[in-house]
Structure formats: C-alpha cells, structure tokens
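Below: the structure, in structure tokens.
Each value in this text was obtained by applying a stated rule to the coordinates, not by laboratory testing. Being a predicted model, the structure only gives us computed values, none of them experimental. Don't worry about glycine lacking a Cβ; one is built from the backbone with ideal geometry, like all the others, and counts go over all protein chains shown.
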Amino acid sequence: MSLIENIKSAAKGKYKTIVLPEGEAERTLRAADIIIQEGIAKLILVGDRETISINAKQFGLNNIDKAEIYDANTDPRNCELVDLLYELRHAKGLSKAGAREFCKNPLYIGPLLIKLGYADGEVAGAENSTGNVLRPAFQIVKTAPNSTVVSGAFIMVLKDKNFGQDGLMVFADCAVNPNPNAKQLAEIAVASARTAKAIAKLEPKVAMLSFSTKGSGSHDDVNKVVEATKIARTMAPEIQIDGELQADAAIVEAIGKSKAPGSYIAGKANVLVFPTLDAGNISYKLVQRLAGAEAIGPVLQGMAAPINDLSRGCSINDIVNLVAITANQVK
Ligand code: ACO
C-alpha cells in the first residue's frame with residue numbers, strides 16, 4: 001500500500017470528526033462526498049444549510065446528507081461559540097459585538113467547534129489564504145503544551161528512491177514562520193522529526209540546513225543553525241540530528257562523507273529543516289516541480305489540535321488526503 005493509502009486506512013480506524021469551514025464550495029463538497037463514502041472521517045460542514053443542499057444536488061453528490069452541518073444562522077450552539085470567543089479574546093480588546101460578528105465567519109467557527117469539543121480537527125484553505133486560516137487557529141486552539149511555535153511540514157514523495165528513506169523525506173518549515181530564531185528552529189526540528197515518525201513512518205534523521213557545513217562559512221545565519229542544533233539535541237536527545245549542513249552534504253552520501261566526516265546524519269538525512277521560510281517554501285516547490293515529487297501537506301505541527309491549511313490550487317484529492325492526515329494527527 002502507498003503511504004497515502006496507509007494514512008487513509010489508519011484514519012478509517014480512528015473515524016474522527018473533522019470540520020470543513022468551506023462547506024458550500026464545490027471542491028470541498030466533492031471531497032466530503034468521497035470522505036463520507038469511504039468512511040475516512042465524520043464531517044461537519046460549515047455553511048448555509050440550504051446552499052449546501054442545493055449545491056450537493058447540483059453536483060450529483062449522494063452522501064452529503066450524512067454530514068453534520070453547522071449553519072451560523074440557525075445553530076443553537078452559536079451563543080456558546082460567541083461566549084467562548086469573547087472569553088478567549090476580550091483581554092485582547094474583543095467586544096461581545098465583535099465576537100458575534102467573528103462567529104459568522106466559518107474560519108472562526110471551525111477552531112471554536114474544536115475548542116468546545118464538537119470536532120477533533122479542521123481542514124480549510126481551498127478558498128482562503130494561509131494567513132486567514134491560521135490566525136483564528138492560533139488565537140483559539142493555540143499551541144500544544146511545551147510548544148511555542150506552529151510550523152508546516154511537507155512529506156515529499158520523491159521519484160528517486162535513493163534519497164531519504166525509500167524516497168520519502170520531510171521538509172520544514174515550508175509554510176508559517178518567515179524567520180525563526182534559534183529556539184524556534186530547534187522546536188521546528190523536533191516537531192518535524194515527530195511528524196516524520198508519526199505520519200510518514202520514517203526513522204527520522206534530521207539535517208539542520210545552512211549554506212555552510214561544519215564551519216565552512218561564518219555568518220550570524222550559520223550561528224543560528226548551530227545554536228538551534230544544540231538546543232534541539234537538549235530538547236529531544238532521542239532524536240538523531242546534526243547541523244549545520246549544506247543540502248548536498250545532508251542528502252548525498254559521498255559529499256556528506258567528505259564535507260562532514262564522522263556525522264551520522266550527513267548523506268543520510270530524511271528530515272530537512274530549513275533556516276528560513278524563504279528557503280523551505282522555495283525548496284519544496286522546486287523539488288515538486290523540477291523533480292516531479294509529490295508534496296503532501298503542509299502538515300501543521302505544534303498546534304494543540306490538528307488544523308491543516310490547503311493550497312488554493314488544491315485538487316479534490318488533496319482535500320481528501322489532508323482530511324485523512326488530520327484525522328491521524330488527533331491525539
Ligand atoms: N505559532 C504559534 N502562534 C503564532 C504563530 C506561530 N508560528 N505566529 C503567530 N502566532 C500567534 C500570535 O502569538 C498571536 O496570538 P495572540 O493574538 O493570542 O497574541 C496570533 O497568532 C496573531 O499573531 P500575529 O503576529 O499578529 O500574526 P499575524 O496574523 O501577523 O501572522 C501568520 C501569522 C498569518 C501565520 C504569519 O506568520 C504569516 O503570514 N506567515 C506566512 C504564511 C504564508 O504565507 N506561508 C506561505 C504560503 S503556504 C504554502 O505555500 C504551503
């Protein structure tokens with residue numbers, strides 16, 4: 001079975017409740033129909049009940065009536081959501097009237113349903129920007145205990161099976177933090193190793209990437225990666241991690257041996273941690289386009305409950321797959 005088939009099969013076993021805030025949209029509805037039919041997750045669709053029903057009929061979808069619908073105009077839980085949002089955000093200046101307004105916004109409704117225990121996770125972003133999906137998630141669900149930063153990892157399925165573990169690698173952070181400091185980078189490394197193990201079933205070998213290998217270059221940016229490597233080792237001594245390494249030293253055995261002799265990661269890395277969002281985001285897109293790799297994600301890590309953000313260019317299949325991944329992330 002392929003990785004994604006394994007992930008779907010595990011999701012079926014867990015059968016968690018995932019909220020889809022973009023419940024009226026065509027791609028979301030078509031994905032929901034498949035998810036329900038295959039038994040991957042229970043779904044809550046956020047949107048106008050009548051619009052959802054009309055759209056489902058128009059697209060010829062027969063399973064949508066099995067999803068729960070949260071219609072902000074009529075749902076009796078609306079007051080509960082408003083009260084919770086006000087309680088969480090009034091110290092930040094949110095008024096009760098402001099909370100009522102936000103509780104009409106599906107991207108706020110999703111995280112509030114999770115926080116209140118009605119849902120286990122959320123997938124959104126087919127119709128909305130990353131920032132608009134993440135902001136309410138950060139404000140309401142917040143980070144997991146012992147975590148201060150949320151980041152986004154991609155599981156890269158490479159055509160060349162000589163790289164990573166049988167062609168599987170994890171890249172991070174490719175989605176959230178423009179310029180993490182050393183402590184944040186260390187957290188991203190540890191979280192990425194755990195995502196690699198839990199979702200991609202890898203035995204993580206983490207490379208902290210830089211433009212320098214073991215002191216070949218000197219710059220504050222190199223020092224940040226060296227410091228992050230030290231912090232990550234202290235945070236999670238059980239994880240195999242090394243840095244700073246250039247990308248070729250991290251993934252090509254011969255170059256790893258010559259540039260970083262004695263490193264147990266150089267040449268064998270399957271988790272690549274990038275020093276900035278520029279580096280991570282650009283790299284995953286280049287590997288996807290130039291090397292024909294499949295990029296699964298971003299899988300958000302470090303959040304108290306799983307919320308994942310789709311690309312606006314996503315396919316129906318991408319939505320189905322991300323719902324399955326999200327269900328697997330539920331603790
Ligand atoms: N982890 C945890 N919490 C965070 C994080 C983080 N990485 N970043 C912000 N927060 C929290 C803040 O603590 C704050 O909480 P508070 O209001 O309770 O104090 C809240 O989120 C809002 O913080 P701001 O600093 O005001 O965040 P802002 O809204 O400006 O930005 C955002 C957050 C939207 C995620 C921003 O970092 C961003 O735009 N990142 C880049 C996203 C992006 O464009 N990615 C590339 C595309 S994705 C792709 O290609 C796959």
How much net charge surrounds V320 when only the other residues with a Cβ under 13 Å from the Cβ of V320 are counted, with Lys and Arg +1 and Asp and Glu -1? 0
Shape box of the chain [Cα atoms, principal axes, largest first, Å]: 65, 47, 30
Starting from the Cα gyration tensor of segment 151-295, multiply each eigenvalue by 5, take the square root, and state the resulting semi-axes largest first in whole Å. 20, 17, 15
Gaussian network model of the chain, Cα within-10 Å springs - most flexible of A172, A200, A144: A144
Local electrostatic count, D221, Cβ distance below 14 Å [Lys/Arg +1, Asp/Glu -1]: -3
Using a Gaussian network model on the chain with a 10 Å cutoff between Cα atoms, which of A291, A25, A196 fluctuates the most? A291
Gyration tensor verdict on segment 181-225 (Cα atoms; rounded if a/c is under 1.5, prolate if a/b is larger than b/c, oblate otherwise): oblate
When all alpha-carbon pairs of segment 238-331 are counted, what percent fall beyond 16 Å? 66 percent
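Using helices alone, what [θ] at 222 nm do you get for the chain, with -39,500 (n - 2.57) per DSSP H run of 4 or more residues, divided over all residues and rounded to the nearest 500? Write down the numbers at each step before the final one.
Details: 13 runs with 148 residues, N = 331.
Mean residue ellipticity, 222 nm, calculated: -13500 deg cm²/dmol.
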Quickly work out the D48-to-H219 label distance, labels modelled 7 Å from Cα along the C-beta direction, and quote it in nm with one decimal. 5.3 nm
With springs connecting C-alpha atoms under 10 Å apart, model the chain as a Gaussian network and identify which of A91, A250, A269 has the largest mean-square fluctuation. A91
Quick one: net charge of M235's neighbours, Cβ under 13 Å, K/R +1, D/E -1? +1
In the structure shown, do any of K14/K285; K142/K331; K12/K201; K142/K285; K12/K66; K57/K104 have a Cα-Cα gap over 23 Å, and if so which? K14/K285; K142/K285; K57/K104
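For an R0 of 35 angstrom, estimate the FRET efficiency from the Cβ-Cβ distance between N179 and Y264 and round to the nearest 0.05.
Rounded to the nearest 0.05, the efficiency is 0.75.
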Any idea what the alpha-carbon Rg over 2.2 N^0.38 Å comes to for segment 170-244? 1.05
In which sequence would T276, T326, T74 go, from the one with the fewest C-beta neighbours within 10 Å to the one with the most? T74, T276, T326
